[in-house]
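Presented below is the structure to which this report refers.
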Amino acid sequence: MNITKRIVYGLSTFALITSLVACGTTEKGTVEPKVVNGSTPVSENKGIVEGKLSVELSKSTQAGQIKYLFSIRNDKEKEEVLKYSSTQEFDYTLKDQSGEIVYTYSMDKMFGQTQSEKVLKPGEIINIEIDLTEDLKKVKPGTYQFEVWSASVDQQNLRARA
């Protein structure tokens, strides 16, 4: 290898290592909140509260589509692991006004059986977009309560309602 190639290789390696070391830190040297699945970072005013995973459910209606964003946020000061026993990461139900379940997301689907996990670092968020447009066509017109939850085998309390 000639000297020019060695210099270019060395500088490229140095630049790559420098950019990787700097990745994820702010000017003050603190770690920035990270996000899974392309969502926006956790707002700084909420901060991290020791001891809980939190969920949020927000609705967006656009061009005749009814979509929800189900977010799971690690508000703990340590990593949290979500473990799954299949490829299903969430489930939901639609309940009529009497509280009877009229549709369950998983009732007409099959999921691969596999062990997997997602690691949520402090401040990280998992965003799951749920499109109800087609599923609402399977039920009679009316008013329904929407409840969604994580299919994580060890986190039964990650539920939200709309």
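The values are calculated or read from the model by the stated rules, or taken from the named source; none is laboratory data. Because the structure is predicted, anything quoted here is derived from the model rather than measured. Because the Cβ atoms are built from the backbone with ideal geometry, glycine has one as well, and the counts that use them run over all protein chains shown. Only protein heavy atoms, including side chains, enter the accessible area calculation; ligands, DNA and RNA are left aside. Shrake-Rupley method; radii C 1.70, N 1.55, O 1.52, S 1.80 Å.
Here are some pairs, Lys52/Lys138; Lys67/Lys137; Lys59/Lys83; which of them have Cα atoms lying more than 24 Å apart in this structure? Mind dumping the intermediate values first?
Values: Lys52/Lys138 36 Å; Lys67/Lys137 14 Å; Lys59/Lys83 26 Å.
Over 24 Å Cα-Cα: Lys52/Lys138; Lys59/Lys83.
What spacing in nm lies between the two simple spin-label points modelled at Glu100 and Glu79, each 7 Å away from Cα in the Cβ direction?
According to this spin-label approximation, the distance is 4.7 nm.
For segment 57-162, what is the accessible area per residue in Å², given a 1.4 Å probe and the full set of protein chains?
Here the per-residue accessible area is 57 Å².
Which loop GluC sites (Glu not before Pro) in segment 92-162, with loop taken from DSSP, have no more than 13 other Cβ atoms within 10 angstrom of their Cβ? Intermediate values should be presented prior to the final figure.
On the way: sites: Glu100, Glu117, Glu124, Glu129, Glu134, Glu147; in loops: Glu100, Glu124.
Here the sparse-neighbourhood loop sites are Glu100.
Label points 7 Å out from Cα along the Cβ direction at Thr114 and Gln145: separation in nm?
Between Thr114 and Gln145, the simple spin-label model gives 3.5 nm.
Please work out the FRET efficiency for the pair Glu129 and Asp154, using the Cβ-Cβ distance as r and a Förster radius of 25 Å; give the result to the nearest 0.05.
My answer for the efficiency is 0.60.
Quick one: accessible surface of Ile66, probe radius 1.4 Å, all protein chains present, in square angstrom to the nearest 10.
50
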